[in-house]
Amino acid sequence: MTSDDTVFYNCHVHLVRDRDSPERFLGDFTSILRKIRFLKIIPGIGPVLRMAGKTSKEILDTLIKKYERYNKKFRNEKFKIRNIKKYQFVVLPMDFSEMGAGELIEYEENGCLKRRNLEEQLEEILALNAGKYDDRNDNEIYHYKGRIIPFLPVEPRRNYEECGSMIEYIEYWLKKGYKGIKIYPALGYFPWHPELMRLYDFIQKKELNVPILTHTSVGMIYYRGDDLKRLIETALEQPPHYNGKKVNVECWELIKTYLKLYTTKSGHVRNKLLCGVFSHPINWLLVLKEFPNLKVNLAHFGGLREVRKYNRWKNQPLRVANNWFSMISNMIKAENTDGTPKYPNLYTDVSATWGKRRFHTLLNQTLLDTKLLDRVLFGSDFYNNQIIGYEINFAKHLRDKIGNKFNTIAQLNPKKFLQGIK
Ligand SMILES: [Zn+2]
């Protein structure tokens, strides 16, 4: 066993602060929610909102302490996390500038009203990782240096003039220490947005080997503006072009059919559900057709809504075929005619949804397929996951249920997904 086998990875963590979010972040009642977050009367979302009010250092501190306590408590049990010497967290800052929810909130500091910008958020994570906030008198386990594998948020609609271009913005932050790219399509764009296609092309041509994390679920955070229908219709009018290249027309037509079906489905009227059109895993077929070796984590393995539906309807083949959970499984398992994997660097993670114990049997069965076992990553979606459960219960219950497969998803697979980045 190499020394690297002693690292435990959580591939999906947020340290985003309240002040990095816009005024109407959770809709029209956001300001009220912010005011009453310390009351115990709001279960579920309450702990999440309270955590958001802390600094990134305080949030990371809470997380690290949870794991250290867990490791001590279960050290001698049958399903201990073996020989863990270090915990590392893929941290995902967020760019909410174009989600149609107003400007970032104002906050008071030294008697002045301020708004934070993206750069400050990104720098805070780097400073934390560089050990700038380490408490030298503290026990080593509570130090923050080297705990973070930061992913850079990329919003293709942002104006990057200040940095020259989106690619220059990315190059700048990768040099400064960012290791991967994070995109969040539910904020109002498709994963095949022409700017993103140019980015994938850049990653592939430069052989950067940069991992990308994207959300494939319907959740609380999505485009809140009034322009949603137009956004979708305009994007679907014609296939995206990038660097003078057209995408595969057959694949484009297939995707359009799926997406039109999704948008016209009864009940898909409100922004929350309609934004699922952006997160839909089918979008990635178009991307992977062009860039089959891209390293991507389709986070959440389908998400709560779809996994719930899968559990209910698993014996109905038509419904199963259109289910996001099975779609992601099939994409990972897809093979070329010679038996090699079609998308060898396509991964998913078990964050959020899979914290629910009632899905652990399904996950255990799923991971019996070694093609899937090799491409699933452990991630929790801390601190958003506090809405449905607790971090350590998730790790412990999952470890109890899936046994040694837990080491594969929390240690071996993340190493492969993150390898190549220094
Ligand atoms: Zn997340």
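None of the figures in this text is laboratory data; all of them are computed from the coordinates on show. Predicted model only: the values in this text are computed from it and were never measured. Cβ coordinates were reconstructed from backbone atoms using ideal geometry, including for glycine residues, and neighbour counts include every protein chain displayed.
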Compactness of the chain as Cα Rg over 2.2 N^0.38 Å, two decimals: 0.95
Magnitude of the charge dipole, the chain, Cβ model with Lys/Arg +1 and Asp/Glu -1, debye to 20: 1900 debye
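Going by average Cβ density within 10 Å per residue, which order do the peptides 143-152, 228-237, 264-273 take, highest to lowest?
In descending order of packing, they fall as 143-152, 228-237, 264-273.
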Entries of 260/416; 57/182; 245/342; 179/289 with Cα pairs more than 26 Å apart: 260/416
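Report, in listed order, any pair from 35/145; 86/405; 256/314; 86/205; 54/405; 132/371 with a Cα-Cα distance greater than 30 Å.
35/145; 86/205; 54/405; 132/371
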GNM flexibility winner over the chain from 19, 312, 158 (Cα, springs under 10 Å): 312
Nearby aspartates and glutamates by direct alpha-carbon distance to residue 229 (threshold 18 angstrom, same-chain neighbours under 8 apart not counted): 98, 237
10 Å binning of all Cα-Cα separations within segment 367-422, expressed as whole percents from 0 upward: 22, 46, 29, 3
For segment 3-418, with +1 on Lys and Arg beta carbons and -1 on Asp and Glu, the positive-most of 299, 318, 239 along the dipole: 318
GNM top mover of 66, 295, 333 - the chain, alpha-carbon springs below 10 Å: 66
P(r) tail fraction, segment 297-353 - alpha-carbon pairs more than 14 Å apart, %: 55 percent
Farthest toward positive dipole pole in the chain [+1 Lys/Arg, -1 Asp/Glu at C-beta], among 383, 367, 33: 367
Percent antiparallel among DSSP beta bridges (both partners in the chain, rounded to 5): 25 percent
Sum of -39500 (n - 2.57) over DSSP H runs of 4+, divided by residues of the chain (222 nm, nearest 500): -11000 deg cm²/dmol
Relative contact order (%) - criterion: Cα under 8 Å, at least six apart; region: the chain: 19 percent
